[in-house]
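Notes follow once the structure below has been shown.
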Amino acid sequence: MEHGAYGASLAGGTFDLESFVKKPQTILRFLSWIFSIVVFATITAEGYVNPMTEENTKCMFNGNDGACSYAVGIGVISFLACVLFLILDAYFPKLSNANERKYIVVADLVFSGVWTILWFICFCYLANQWGKTTAGTAAPDAARAAISFSFFSTATWGLLFYFAFGRYRQGVDDFTQDYRDPAVDHTAPYPPAQFGSGPTGYQQSPFSQGQTQPGEYQPPAY
């Protein structure tokens, strides 16, 4: 990873398109973007069939409209999120505020983790409903494509979560290394104050010599 705050170089540099395109996060986001299009476009175009005995169209996954709606919803949100995070990744090195970088990394971490789980649920849901579907009532190629690319999306979003977690850990480690406790910082510009020559800095009172010891009797002068 590059040296800097949260896995990016320090602010002020120019945008390098070639290095941005070659980043693993950029490649994974582009693949996730493509996979999401395949899932929701396939189901939208071919996912609803009209059986011979019914007038209304039904979802090709065992006639369960919830399965088609779930996959389309997850795919559309994934498509929009990939576009948004690609823009943020391109703008990320120009941010000079470490807190703003932290918010973006945390948002990427949380969203990638949640969408990894949701895509895995989508894969299991579609595969389960497809296994219960009667042969000849649906388009098998479209169904298999939606199931397969749901699984591929699970893998890409899982890798995005891994890279986001790495950026977050790097940002935390950089902060820990740069922080110094003033109480134990020996490079402070001000030396410790001196309070006398004794070990505790205590000086004897100038009036102590003329004072009597406690318990000694002094007769009054007449």
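The values are calculated or read from the model by the stated rules, or taken from the named source; none is laboratory data. Predicted model only: the values in this text are computed from it and were never measured. Virtual Cβ from ideal backbone geometry, glycine too; neighbours counted across all protein chains shown. For accessibility, only protein heavy atoms count, side chains too; no ligands or nucleic acids. Shrake-Rupley method; radii C 1.70, N 1.55, O 1.52, S 1.80 Å.
Observations, loosely collected:
- In this structure the amide hydrogen of Lys58, modeled in the peptide plane, comes within under 5 Å of the amide hydrogens of Val49, Asn50, none closer than 5 places in sequence on its chain.
- Percentage relative contact order, the range 113-172, counting C-alpha pairs under 8 Å, at least six apart: 56
- Summarising the label geometry, the points placed 7 Å from Cα in the beta-carbon direction at Phe20 and Val76 lie 2.8 nm from one another.
- The HN-Hα couplings worked out from phi for the range 20-26 by the Karplus form 6.51 cos²θ - 1.76 cosθ + 1.60 (θ = phi - 60°) are 5, 5, 7, 5, x, 4, 5 Hz, whole numbers, x standing for Gly and Pro.
- Among residues other than Asn64 with Cβ under 9 Å from its Cβ, the summed charge is +1 (Lys and Arg +1, Asp and Glu -1).
- Calculated from backbone phi, Karplus (6.51, -1.76, 1.60) coupling profile of the range 87-100 in Hz, x at Gly/Pro: 5, 5, 5, 5, 8, 4, x, 7, 6, 9, 8, 5, 5, 5
- Using θ = phi - 60° in the Karplus curve 6.51 cos²θ - 1.76 cosθ + 1.60, the 3J(HN,Hα) couplings for the range 151-167 round to 5, 4, 5, 4, 5, 5, 5, x, 5, 4, 4, 4, 5, 5, 5, x, 5 Hz; x is entered for Gly and Pro.
- Remark: the range 69-152 carries 51 Å² of accessible area per residue (probe radius 1.4 Å; ligands, DNA and RNA excluded).
- Summing +1 for each Lys or Arg and -1 for each Asp or Glu among the other residues whose beta-carbon sits under 14 angstrom from that of Ala164 gives +4.
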